[in-house]
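Visitor: So that we are looking at the same thing, I have put the structure below in structure tokens.
The values are calculated or read from the model by the stated rules, or taken from the named source; none is laboratory data. As the structure is a computational prediction, the values presented were derived from the model and not from experiment. Positions of Cβ are generated from backbone atoms using ideal geometry, with glycine treated the same way; all protein chains shown enter the neighbour counts. Surface accessibility is based on the protein's heavy atoms, side chains included, excluding ligands, DNA and RNA. Shrake-Rupley method; radii C 1.70, N 1.55, O 1.52, S 1.80 Å.
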Amino acid sequence: MAEPFRLRRWKAHLENGLEIQFFTCARPGRSKGSNGQVLDDNVDRWVKSLPGGQSTTVISLLGRKQTSTGTSEFSFYSFHGILDNPAERRGKPSFQEWLDRHHPDRGIQLLELPTIDFKAVDQTTLEKVSAALAELSDGGRTIVIMDSGGFTRTGAVCSHLKAKELTGHPMRP
């Protein structure tokens, strides 16, 4: 399966009247399944296939699994997320540091708004995503919102925005 898995294009009208377009997709390596380590090669393919060239912002909704241990959704990778504790970080770079080191030519900006897998996205997070979309789209950046599977939490964002799917249209802006 191709990376990014479940890549979809959307259009929404924000409260300020601004029409925006953005993409949603699954986390890197999700096309290989929901469990197991994700090699940097898989993440590289995901990054290289993101829309937007040198002006892409990734809004990550990855945070924790809804389990008794609350496992980090970054436990699959050689990098860590913003909510990871020191034991989970184990000297690994942050996701942003990893992107900067492995893909400096892409200039990818990362915004982490952590959530819990299979739990409703809270109103505060939905409003933060909306505000980020307004700010980033005004700057001409391509925006990609990702969660673990590419449809539950990103779907909540799309529903909140009353977004219309444009996936049948060309995938590159």
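Visitor: Looking at the chain, do any whole DSSP H helices span at least 30 angstrom along their long axis by alpha carbon and average 1.6 or above on Kyte-Doolittle, and which?
Guide: The answer is none, since no helix passes both cut-offs.
Visitor: Between residue 165 and residue 2, what is the label-to-label distance in nm when each label sits 7 Å out along the Cα-to-Cβ direction?
Guide: Taking the simple label geometry, residue 165 and residue 2 are separated by 1.5 nm.
Visitor: If you don't mind, another one. Measure off 7 Å from each Cα along the Cα-to-Cβ vector at residue 18 and residue 44, then give the distance between these two points in nanometres to one decimal.
Guide: Roughly 3.5 nm, to one decimal.
Visitor: In terms of Cα to Cα distance under 27 Å, which lysines are near enough to residue 48, apart from those fewer than 8 places away along the same chain?
Guide: Excluding near neighbours in sequence, the set is 11, 32, 65, 92, 128, 164.
Visitor: Within the chain, what percent of beta bridges assigned by DSSP are antiparallel, to the nearest 5?
Guide: Close to 40 percent.
Visitor: If you wrap a convex hull around the C-alpha atoms of the chain and split its volume per residue, what is the figure in Å³?
Guide: 109
Visitor: Two decimals is fine: what is log10 I(q)/I(0) at q = 0.14, 0.15, 0.17, 0.18 Å⁻¹ for region 38-135, from a Debye sum with one equal scatterer on every Cα and no solvent?
Guide: Scattering profile of region 38-135, log10 relative to I(0): -0.58, -0.66, -0.85, -0.94.
Visitor: So how do 84, 40, 122 rank on accessible area, 1.4 Å probe, biggest first, that is with the largest at the start?
Guide: Reading off the accessible areas and sorting them downward yields 122, 40, 84.
Visitor: Residue 141: accessible area at probe 1.4 Å, nearest 10 Å²?
Guide: 60
Visitor: Give me the accessible area of residue 164, 1.4 Å probe, in Å² rounded to the nearest 10.
Guide: 130
Visitor: At 1.4 Å probe size, with the rest of the protein present, what percent of the exposed accessible area of the chain is carbon and sulfur atoms?
Guide: The C+S portion of the solvent-accessible surface of the chain is 51 percent.
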